[in-house]
């Protein structure tokens, strides 16, 4: 479970995230929605411990920068960066060893198969296409079997088939009881998937929507445009 | 031309605005400039107190060393496989705008003048650092060296532009580029051979004769530059004006040749501008052009250690793949200084000072900065102190290789005692370790990344300041010990003291910097 309490992130006089609080529950898919510059990526990066911030962030009850928290969450950035001279397999071994995982290769092979990257195991990262790097980023994020997962615009760069695979995978992960937090501005892709939506605008959460509370004639898209005034 | 003049000055204004865009960057830049001026002032003041007389051989050796460094820099420029005249932004505006070919070429040349001035400033600062102790290096000499270096560098950069433009219409022009460097190198080597053959049994005398040989003045450009500088030191107006006039004449001829160049070069310049932009983008990620072009070796039996140690395993694997254990430039520089130290009979102890300067310059943080762009480094669930220690491990290995290479070459040439050699390894390694730790701490201190000059200066300041404890302790040891103690024993004690002091300072740097690996510092703001 990811708990965010009174998160504030500023860049000098610019407040990117302005006192937001929310929870991404286990077994549910939570989405941060918002237009460009709403503060979604800043929020995700703060949760991953990559940005200094004010406020409290707990992952499975641990402070987000603690070793315990790092062991239990996975993070997939919007723009993946790899060690370009290392092969796909070497990246997997690096993460497996760095996280002290047991028998990680078996699960990594399953993920490689799922993302159609099995034949690229010996390929160096700099020779992968944009879509393939996004898939590798997913594999590295998932292979640690996290109990909380954060994804920043995870579908960008993926082909339609890979998007379908990710959607199926997300459903599987949700059913296994992990908490998933996705930041996106493309509502259509996650329309059938989300459980809780936090709509952000200008650094604030302006609306919280739960799927079970949605009226029949309401759609997340309509609520979103109503909130951000576009 | 008015619009391009506006563009030229607005770009410069933008650079200055960027430097002073935040208070920290502005203050650091200001302090750095004051420090450079103070350092230069101190060098000149200290020299007056020493009141040494000018040695003719020293003057010639100094100028030849300076010209050697300039030639090395020029050779690197000329031997590059690919080059570009402008970046994409410039290319887009100047080639699509309503400007005549001559205007565009004049703009490119003015930009080259700006580049020459900046490089010349760096060169004279380097001159002060390397040879400021010599009586000949007066403020006037430095000023003249700056002017004549600017002209020389402009001829080099302009020459490169001319040959680049020529190459578009005539691929054979590539041979001229290599030919220029080869001709100059052959002339200098020939001159050395002549002096060696004249006194084959006394290499030191042959070197001294070579350094003072008046035939060198006939070597195009470099010879004229030496003529000007020697003329200034010897107060010989004819030599001084003659050398400078010859350099300026070549620059003017080159300028006229370039603005009258024929052929359609826009497409090629645009294409290379895109490539240059990519190189710049990669450089901001901490990669050099050499890194990007380097062939990757396939490595078998890849093993990673567990936890934070996997970081070191990964970095060593990358080094094995790129075979990047010792950079060619650093090896060449060490051999170059070794040759200088040998030629002017400076001895092993003084050669160590040069090795230290190379270490100071090469303790760059590109590798670490590149590493810190990867989020994995922050997310690995291990202690920040362990992560940082494993992160710098490959840098340490590279530094040890570099020091061993340099000092072993020094051992062969100068033949110090084994005790002195071992003591120097320990001593220099301790400074090297401290430089690495200091450079890492300076990343944490700066982190903005929008002011490369200030970053470089602050790194230097941090590292120089960090040397103080070891230097003070070493001087104290030298003053306090029994004056009859043997040189080897004294050097051994000094190296132990340096290792302790530098080790402690280095450890402090690491402790202060470890928070960086928590994630919320560098990558962040």
Taking residue B:67 as meeting all but one of (1) surrounded by fewer than 14 Cβ atoms within 10 Å (Cβ to Cβ); (2) closer than 23 Å to residue B:191 by Cβ, write down the number of the exception. (1)
Within segment A:35-70, the residues that are farther than 25 Å from residue A:156 by Cβ and touching a residue at least 60 places away in the same chain (Cβ under 8 Å) are A:60, A:61
Determine which single condition residue B:202 fails, assuming it passes every other condition in (1) modelled with pLDDT of 90 or more; (2) surrounded by fewer than 17 Cβ atoms within 10 Å (Cβ to Cβ). (1)
Checking the condition at pLDDT 80 or above, away from every other protein chain (no Cβ under 14 Å), surrounded by fewer than 19 Cβ atoms within 10 Å (Cβ to Cβ) and closer than 30 Å to residue A:12 by Cβ, which residue from B:476, B:452, B:465 passes? B:465
Among the residues of segment A:71-85, which ones are at the interface with another protein chain (Cβ under 7 Å from one of its Cβ atoms) and in contact (Cβ under 8 Å) with a residue 12 or more places away in the chain? A:71, A:75, A:77, A:83, A:85
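In segment A:1-47, what residues are part of a helix (DSSP H, G or I) and within 14 Å of chain B (Cβ to nearest Cβ)?
As a first pass, look at segment A:1-47 and keep what is part of a helix (DSSP H, G or I): A:40-47.
Correct list: A:41, A:42, A:43, A:44, A:45, A:46, A:47.
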Pick from A:150, A:105, A:155, A:143: which is at pLDDT 90 or above and closer than 30 Å to residue A:14 by Cβ? A:150
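Having 2 or more residues that are out of contact with any strand residue (DSSP E or B) (no Cβ under 9 Å at 6 or more places or on another chain) and surrounded by 22 or more Cβ atoms within 10 Å (Cβ to Cβ) is the bar; report the helices (runs of 4 or more DSSP H) wholly within segment A:48-141 that clear it. Spell out the reasoning first.
Working: elements: A:67-72, A:88-98, A:104-114.
Of the helices (runs of 4 or more DSSP H) lying wholly inside segment A:48-141, those with at least 2 residues that are out of contact with any strand residue (DSSP E or B) (no Cβ under 9 Å at 6 or more places or on another chain) and surrounded by 22 or more Cβ atoms within 10 Å (Cβ to Cβ) span A:88-98, A:104-114.
Could you check segment A:2-22 and list, in sequence order, the residues that are in contact with a strand residue (DSSP E or B) (Cβ under 8 Å, 6 or more places away or on another chain) and either at pLDDT below 90 or buried (at least 17 other Cβ atoms within 10 Å of the Cβ) (or both)?
Initially, segment A:2-22 is screened for residues in contact with a strand residue (DSSP E or B) (Cβ under 8 Å, 6 or more places away or on another chain), giving A:2-10, A:15-22.
Once the filter is applied, which keeps residues that are in contact with a strand residue (DSSP E or B) (Cβ under 8 Å, 6 or more places away or on another chain) and either at pLDDT below 90 or buried (at least 17 other Cβ atoms within 10 Å of the Cβ) (or both), segment A:2-22 yields A:2, A:3, A:4, A:7, A:9, A:10, A:16, A:17, A:20, A:22.
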For segment A:94-117, enumerate the residues that are within 9 Å of chain B (Cβ to nearest Cβ) and out of contact with any helix residue (DSSP H, G or I) (no Cβ under 8 Å at 6 or more places or on another chain). A:100
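Sort through B:74, B:96, B:100 and tell me the only one that's in contact (Cβ under 8 Å) with a residue 40 or more places away in the chain and assigned by TED's automatic domain parsing to the domain that holds residue B:271.
Numbers: B:96 fails: in contact (Cβ under 8 Å) with a residue 40 or more places away in the chain; B:100 fails: in contact (Cβ under 8 Å) with a residue 40 or more places away in the chain.
The unique qualifying residue is B:74.
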Which ones in segment A:207-230 are surrounded by fewer than 18 Cβ atoms within 10 Å (Cβ to Cβ) and within 21 Å of the chain's Cα centre (by Cα)? A:207, A:208, A:210, A:211, A:221
From the list B:387, B:373, pick out the single residue that is more than 29 Å from residue B:423 (Cβ to Cβ) and surrounded by fewer than 18 Cβ atoms within 10 Å (Cβ to Cβ). B:373
Which pairs have Cβ atoms under 7 Å, sit 6 or more apart or on different chains, and link a residue in segment B:297-309 that is more than 8 Å from chain A (Cβ to nearest Cβ) to one that is in a loop (DSSP other than H, G, I, E, B) and exposed (fewer than 14 other Cβ atoms within 10 Å of the Cβ)? B:297/B:323
Quick one: in segment B:318-356, of everything that is in contact with a helix residue (DSSP H, G or I) (Cβ under 8 Å, 6 or more places away or on another chain) and assigned to a loop (DSSP other than H, G, I, E, B), which residue is nearest to the other protein chains (Cβ to nearest Cβ)? B:324
Output the residue which, of all residues in segment A:158-177 that are outside any helix (DSSP H, G or I) and either more than 15 Å from the chain's Cα centre (by Cα) or modelled with pLDDT of 90 or more (or both), is nearest to residue A:196 (Cα to Cα). A:177
Could you tell me which residue of segment B:84-108 is surrounded by the fewest Cβ atoms within 10 Å (Cβ to Cβ), considering only residues that are touching a helix residue (DSSP H, G or I) at 6+ places or on another chain (Cβ under 6 Å) and in a loop (DSSP other than H, G, I, E, B)? B:87
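The values are calculated or read from the model by the stated rules, or taken from the named source; none is laboratory data. In this text the structure is predicted, and so the values were computed from the model without any measurement. Here the Cβ is made from the backbone with ideal geometry for all residues, glycine too, and neighbour counts use every protein chain on show.
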